[in-house]
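K.L.:
Quick one: the structure is below, and I'll ask about it shortly.
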Amino acid sequence: MRNKILLSVLLFGASQLSAQVSTNVYTIDYCIQQVLNNNFDVEASRYDAEIAKQSATKGNAGLLPNVSLSGGANYSNNNTELIFAGGIPPTNVDGAQSTSYNGSVGVSYTVFNGFANLSNYDRLMLNEQLSVTQLRLTIENAVITVIGLYLDLAKSQEDLNALNETLTISRTRLKRAEVSSELGVSNSLSLLNATVDFNTDSVNVLSIKNQIGALKRQMNFLMGNDINNDFNVETSIKSFNDLSLADILSQAKTNNVLSVLTTLGERVSEVDSRLAKANQYPTVSVNTSYGLNSSRNGAGIVLEQNNIGFAGGLSISIPVFSGGRTKIAIANAESQLAKSETVKKQNDFLIEKEVFDYWNNYVYFQKALELEQKNIQTALLNERRSEDAFKLGQITSVEFRQAQLALLASKNRVNAAKYNLKKAEYQLIRLKGDLVK
C-alpha cells in the first residue's frame, strides 16, 4: 500500500519526484519519497493496515458456517471372555481382534445471536478504515516532520553563508589591525577588538555547522538512510498563491485526518454499543453432519456393524443472569459513545484553532518577509558605507562591527521569515487534508 503525496504541493517548482541532483543536493520531493519508501513508522503502520484488511472478512465476523471433516480408526487385540445372560454359553477367544473406523463432515452455523455477527463485521470493516486512516496520519506526520527539518536545514545553510561572509570580513579586518599594530599606526585596543570579533564569528560558524550536522542526521533517520550520509538541500523556495482561509476551514472539517479519525471512532463506539446489547438476546445455533461408522469384533454376538447417514441438531442458549456483566458492558459502551462525541467536538475546535493559528502566522510572515527584504537593502548599504568609512579612519572598529552585526541580523530575519512562511503554508495544506491523499 502506497499513499499518494499531493504532487502539486511543491517547494521548488518543477523538481523531479524521485531524483536527487548529481551534486548530492536533495529536493523536497526526493526527501518525501524516501520517507514513503523507508521510514520505519510508515512501514510498521502499513503492516497494521494490512492486518486489518486481512481480518475484515465475513468469515472472521462469524457470518459464515463452520465446516469440519473428522475421521479416525482403532485397533485392538485382546484375550476375551464373554458371559451372556439368558442361558447362552460363555465364550473365550484368545487374540480377539477388533477394528473400528469413522468419518464425517459436519456443518455448524449460528442462526441468531442478537445480530452480534453483523455488528462484528461492521466493526472489522471500521477497523480496516481506521488502520488506513492511521496509516495516512503516520505518513502525514512523517512528511510534515521531514519538510520542517528540510526547511530548517535550508535556513541553516543560508545562515551559514551569511556567517561565512561576516567571518571573511572579520578576518580581513583582523589582518588590517595586525598590520596597523606592527606599523604603529593604531593602538592595541583595535587589534584586541578585531581578534575578539574574529573568534566570535568563528565560534558562530562552528555552532551553525554543528546544528546542520544534527539536522542532517535527523533527516537521514526519517528517510532510512545511513545516519552520517552527507547532503545539501535547495534553498530557493516558491510560495503558494492560492491559499484561502474560507477554503481551508471548509475542507478541514471533513478532510483533515484527525477529523476523519474521530468520526470513525464515533462510529466504532456505536457498533460496540450494539455488540454489548447483543448479549441480552438468545443464541440459536444449528448443526448437521453426514458420517460413516464401521466396526468389526473378533468376539461377541455382533461381529460387524456399519452406520451411515445424516444427523442434525438445534441448540438455543438464553442468557438469564451474568452477574451484571452484560448491564455493565452496555453502560460502559454508552459512556464510550458519549465520550467519542465529546472528543469529536474537541477535535473540531482544535482543528479550527490550528487553522487560525497557522493562518495568522502565514499572514504575519508574509508581511514580515516583505518588510525585512526592504530592510536588508538598507542594512547592506549601511555596512558597505561603514566599511569604506572604516578604511578611511572616519569611524571606529566598534561602529563598523555594529554595522556588520546589523547586516547579519537582517539576513537572519529574512531567512527566518522566509522559511517560517513556508512552514505555515505546509501546515495549512496539512490541515485542509491535502498533504497526503
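K.L.:
In terms of Cα to Cα distance under 18 Å, which lysines are near enough to Lys432, apart from those fewer than 8 places away along the same chain?
P.N.:
Cross-link targets: Lys4, Lys253, Lys344, Lys345, Lys353, Lys422, Lys423.
K.L.:
Once you place label points 7 Å from the Cα toward the Cβ at Thr172 and Ala73, how far apart are they in nm?
P.N.:
10.0
K.L.:
What ranking of Lys418, Lys175 emerges when the number of other C-beta atoms within 10 Å of each C-beta is taken as an exposure proxy, fewest first? Let's see the in-between values first.
P.N.:
Working: Lys418 21, Lys175 12.
Taking fewest neighbouring Cβ atoms as first place, the list is Lys175, Lys418.
K.L.:
Modelling each spin label as a point 7 Å along the Cα-to-Cβ direction, I'd like the Lys437/Glu370 distance in nm, to one decimal.
P.N.:
Each label point is offset 7 Å from its Cα along the Cβ direction, giving 3.1 nm.
K.L.:
Find how many whole Å separate the alpha carbon centroid of the range 388-437 from the alpha carbon centroid of the range 222-256.
P.N.:
21
K.L.:
How much FRET efficiency would the formula 1/(1 + (r/R0)^6) give for Gln377 and Val343, where r is the Cβ-Cβ distance and R0 is 60 Å, rounded to 0.05? Mind showing how you got there, number by number?
P.N.:
Numbers: r = 51 Å, r/R0 = 0.85.
It comes out at approximately 0.70.
K.L.:
Here is a follow-up. Report the extension gain between Ser289 and Leu405 in nm, rounded to one decimal, defined as 0.36 nm multiplied by the number of residues separating them, less their alpha carbon distance.
P.N.:
Values: separation 116, 0.36 × 116 = 41.76 nm, distance 9.13 nm.
Between Ser289 and Leu405, full extension yields an extra 32.6 nm.
K.L.:
Roughly what % of DSSP beta bridges within the chain run antiparallel, to the nearest 5? Please list the in-between numbers first.
P.N.:
On the way: 45 of 47 bridges.
Of those bridges, close to 95 percent are antiparallel.
K.L.:
Let me ask something else about it. Just to be sure I understand the curve: with the Debye formula and one point per C-alpha of the range 182-300, what is log10 I(q)/I(0) at q = 0.19, 0.23 Å⁻¹?
P.N.:
Debye curve over Cα of the range 182-300, log10 I(q)/I(0) at q = 0.19, 0.23 Å⁻¹: -1.13, -1.23.
K.L.:
What Rg and what Dmax come out for the range 353-437 when only alpha-carbon atoms are used, in angstroms?
P.N.:
Computed over the Cα atoms of the range 353-437, radius of gyration and Dmax are 18.6, 63 Å.
K.L.:
OK, next. When only C-alpha pairs under 8 Å and at least 6 residues apart count, what is the relative contact order of the chain, in percent? Don't skip to the answer; put the middle values down first.
P.N.:
Details: 608 pairs, mean separation 100.9, N = 437.
Averaging sequence separation for qualifying contacts and normalising by length gives 23 percent for the chain.
K.L.:
Give me Phe198, Phe400, Phe349, Phe221 ranked fewest to most by other Cβ atoms within 10 Å of their Cβ, as a rough exposure proxy. Present the calculation step by step, with values, prior to reporting the outcome.
P.N.:
Working: Phe198 20, Phe400 23, Phe349 10, Phe221 15.
Fewest-to-most ranking of Phe198, Phe400, Phe349, Phe221: Phe349, Phe221, Phe198, Phe400.
K.L.:
Please state the equivalent ellipsoid semi-axes for the chain: what are the square roots of 5 times the Cα gyration tensor eigenvalues, largest first, in whole Å?
P.N.:
Details: eigenvalues 1317, 161, 60 Å².
Here the semi-axes work out to 81, 28, 17 Å.
K.L.:
The range 276-389: Rg/Rh from Cα coordinates, Kirkwood Rh?
P.N.:
Numbers: Rg = 40.4 Å, Rh = 24.1 Å.
With Rh from the inverse mean 1/r over Cα pairs, Rg/Rh is 1.68.
K.L.:
By how many degrees, 0 to 90 and rounded to 10, does the Cα axis of helix 257-278 deviate from the longest principal axis of the chain?
P.N.:
Rounded to the nearest ten degrees, it is 20.
K.L.:
Provide the FRET efficiency to the nearest 0.05 for the Ser202-Glu334 pair, computing r from the beta carbons and using R0 = 60 Å.
P.N.:
Working: r = 67 Å, r/R0 = 1.12.
Using R0 = 60 Å, I get an efficiency of 0.35.
K.L.:
Once label points are set 7 Å from the Cα along Cα→Cβ at both Asp388 and Lys209, what is their separation, rounded to one decimal in nm?
P.N.:
For the pair Asp388/Lys209, the computed spacing is 3.4 nm.
K.L.:
Got a sec to turn the phi values of the range 314-331 into Karplus ³J(HN,Hα) couplings, 6.51 cos²θ - 1.76 cosθ + 1.60 with θ = phi - 60°, whole Hz, x for Gly and Pro?
P.N.:
10, 10, 10, 10, 10, x, 10, 8, 10, x, x, 5, 5, 4, 5, 4, 5, 5
K.L.:
While we're looking at this one, here's another question. What angle, in degrees between 0 and 90 and rounded to the nearest 10, separates the Cα long axis of helix 40-55 from the longest principal axis of the Cα atoms of the chain?
P.N.:
Long axis of 40-55 versus the principal axis of the chain: about 30 degrees.
K.L.:
Also, quick follow-up: May I ask you to derive the FRET efficiency for Asn161 and Leu183 from their Cβ-Cβ distance with R0 = 22 Å, giving the value to the nearest 0.05? Don't jump to the answer; show the numbers that get you there.
P.N.:
On the way: r = 34 Å, r/R0 = 1.53.
The calculated FRET efficiency here is 0.05.
K.L.:
So for Ile51, Ile169, Ile227, Ile395, fewest C-beta neighbours within 10 Å to most, what's the order? List each step's numbers first, then the result.
P.N.:
Numbers: Ile51 13, Ile169 20, Ile227 10, Ile395 17.
Ascending Cβ contact count within 10 Å gives the list Ile227, Ile51, Ile395, Ile169.
Values in this text are rule-based calculations from the coordinates and carry no lab data. Predicted, not measured: the structure shown is a model, and the values here were computed from it. Methodologically, a virtual Cβ is constructed for each residue, glycine included, from the backbone with ideal geometry; neighbour enumeration extends over all protein chains shown.
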